[in-house]
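Shown below is the structure under consideration.
No lab work stands behind these numbers, since they all come straight from the coordinates. As the structure is a computational prediction, the values presented were derived from the model and not from experiment. With ideal geometry, Cβ positions are generated from the backbone for all residues, glycine too; neighbour counts draw on all protein chains shown.
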Amino acid sequence: METFEKIYHERMEEARKYPLPAENKSKFMRGVVKAFLRSIIIPGGHLTREMRDAVSSLCEQGVFQLCLDGVSEVADCDLFFGNHQGPKRPGGPQGGIEVLFSTQFVRNATRYVLRENLIEYRWSVTQCIKARATRKPNPIVVRDNDRLQKARDQKAPWAEIKQTAIGLKKERQRVAAEVFRAIDVGTPVAIYPEGTRSTTGRILPFVSDFMRKAITDYIVPRMLAGKPRRIGLIVAETLQTFPDGVGKGALLCDRPSTLKGVRYDTGSIEAEYRKMRHLKHKDYETAMTRLSRTLALSLRDTFEQELRAILQK
């Protein structure tokens, strides 16, 4: 069976043979910029709504192709997981077009879990505009998300790395608690659980700390209360459409971007929880850690299956 890396390489090489005219790239970039500006300037402006309208308009103009499937299937979901696609190789232009396109699936009120650097006001003017627009949907912010990697890269002492890892774990638990508080009051939340971008399309490991809270603070309470568990996956395949990312010198290619909404069935997780719910203390903690990993792997496998199906059409 072909690997994701091989399939993506073949698709992106094919995509580069059919670039769109330069004016389409300009139209696309202008449309995205206008959406950011409108969300700031217009009274009551909202980035999710403005980006949804901009993307729809650009599709109608034939600037690029966007294939959407399963929008209605996840329309009432209150927790969304999405995959992050980046440039074709480390150090290439930044990707992330899938985040803009995912606005087609979510409601305006949806809050996003974002890294702190995305909402920081700093030079340049472009970053200030992005920060202001991104703040409008009231994001749930992850602080110092790259602190652990920096400590490792700098070859910090083991004790420092350990303390940094503990701090990051606590931060992720804080973010997870805020996510489920928002959902409890009726606000949908979207999160990208890989924590960083994949440069090959292959789904990276999901953050297990969040998965534990998803079980204890969302799935189990709703199961016990007889409430619906509404988890939606927004599976995006955009690398072959924008094979060099979206940034300076990036190409737009005349191939469709594909996003699919999938309803995730929590039945197997609930069945496993029922088996372990009467365990005591250490045995319960061990079983819960295992179940958290099971959920992370199950979600990741679902994403990979859907991506493979999209690529092999």
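Rg to Rh ratio, region 188-257, alpha-carbon atoms and Kirkwood radius?
Values: Rg = 17.0 Å, Rh = 15.0 Å.
Ratio of gyration radius to Kirkwood radius for region 188-257: 1.13.
In addition: Can you tell me the Rg and Dmax of region 156-313, counting just the alpha carbons, in angstroms?
Gyration radius and largest Cα-Cα distance of region 156-313: 18.4, 58 Å.
Starting from the Cα gyration tensor of region 110-182, take the square roots of the eigenvalues, sort them a ≥ b ≥ c, and report rounded, prolate or oblate (rounded when a/c is under 1.5, otherwise prolate if a/b is larger than b/c, else oblate). Kindly include the intermediate steps, with their values, before the conclusion.
Numbers: a/c = 4.79, a/b = 1.43, b/c = 3.35.
Oblate, because a/c is 1.5 or more while a/b does not exceed b/c.
Shifting gears a bit: Using the Karplus curve 6.51 cos²θ - 1.76 cosθ + 1.60 with θ = phi - 60°, work out ³J(HN,Hα) for each residue of region 47-61 in order, rounded to whole Hz, and write x for Gly and Pro.
Rounded to whole hertz, the list is 4, 4, 5, 5, 5, 4, 5, 5, 4, 4, 5, 5, 5, 4, 7.
For region 252-296, take the alpha-carbon Rg, divide it by the Kirkwood Rh, and send me Rg/Rh. Walk me through the numbers on the way to the answer.
Details: Rg = 17.9 Å, Rh = 13.2 Å.
Ratio of gyration radius to Kirkwood radius: 1.36.
Assuming 0.36 nm per residue, please report the length gained on full extension of the stretch LYS275 to ALA156 beyond their Cα-Cα distance. Intermediate results must be reported in sequence, preceding the final value.
Working: separation 119, 0.36 × 119 = 42.84 nm, distance 4.23 nm.
Net length gain for the segment: 38.6 nm.
Rank these for me by crowding, TYR192, TYR121, going from fewest to most other beta carbons within 10 Å.
Working: TYR192 23, TYR121 10.
Starting with the residue having the fewest Cβ neighbours, the order is TYR121, TYR192.
Add -39500 (n - 2.57) for each DSSP H run of 4 or more in the chain, then divide by its residues: what number comes out at 222 nm, to the nearest 500 deg cm²/dmol?
Details: 11 runs with 150 residues, N = 313.
My calculation for the chain gives -15500 deg cm²/dmol from helical runs alone.
Next up: P(r) of the chain in 20 Å steps, Cα pairs, percent per bin?
The distribution over the chain is 30, 59, 11, 0, given as percents.
Please compute one quarter of the surface area of the Cα convex hull for region 1-112 and express it in square nanometres.
Numbers: hull surface 36.9 nm².
Hull-based average projected area comes out at 9.2 nm².
Here's something else I'd like to know. Quote to one decimal, in nm, the extra length available between GLU10 and ILE42 on full extension: 0.36 nm per residue of separation minus the C-alpha distance between them. Spell out each step's value before the answer.
Values: separation 32, 0.36 × 32 = 11.52 nm, distance 4.33 nm.
Computed gain between GLU10 and ILE42 is 7.2 nm.
Mind ranking 7-14, 69-76 by how tightly packed they are, going by the mean number of other C-beta atoms within 10 angstrom, highest first?
Numbers: 7-14: 17.2, 69-76: 14.5.
Output ranking for 7-14, 69-76: 7-14, 69-76.
Here's something else I'd like to know. Checking a compactness column here: for region 85-218, what do you get for Rg(Cα) / (2.2 N^0.38 Å), N being the number of residues?
Numbers: Rg = 15.9 Å, N = 134, 2.2 N^0.38 = 14.1 Å.
The reported ratio for this selection is 1.13.
For SER198, SER257, SER56, what ranking results if the residue with the fewest other Cβ atoms within 10 Å of its Cβ goes first?
Numbers: SER198 18, SER257 23, SER56 14.
Ordered by Cβ neighbours within 10 Å, fewest first: SER56, SER198, SER257.
Further, regarding this structure: Count the net charge of all other residues whose Cβ sits under 15 Å from the Cβ of ILE166, scoring Lys and Arg as +1 and Asp and Glu as -1.
Values: positive: ARG143, ARG147, ARG152, LYS162, LYS169, LYS170, ARG172, ARG174; negative: ASP144, GLU160, GLU171, ASP209.
Neighbour charge sum, excluding ILE166 itself: +4.
Calculate the spin-label point distance for VAL125 paired with ARG30, positioning each point 7 Å from the Cα along the beta-carbon direction, and give it in nanometres.
According to this spin-label approximation, the distance is 1.8 nm.
What list do you get for GLU60, GLU270 if you sort them by fewest beta carbons within 10 Å? Provide the component values of the computation, followed by the final result.
Values: GLU60 8, GLU270 16.
Arranged by neighbour count, lowest to highest, GLU60, GLU270 become GLU60, GLU270.
Go ahead and run the numbers for FRET between ASP144 and TYR284, Cβ-Cβ distance against an R0 of 41 Å, rounding to 0.05. Mind dumping the intermediate values first?
Values: r = 31 Å, r/R0 = 0.75.
With R0 = 41 Å, the Cβ-Cβ based efficiency is 0.85.
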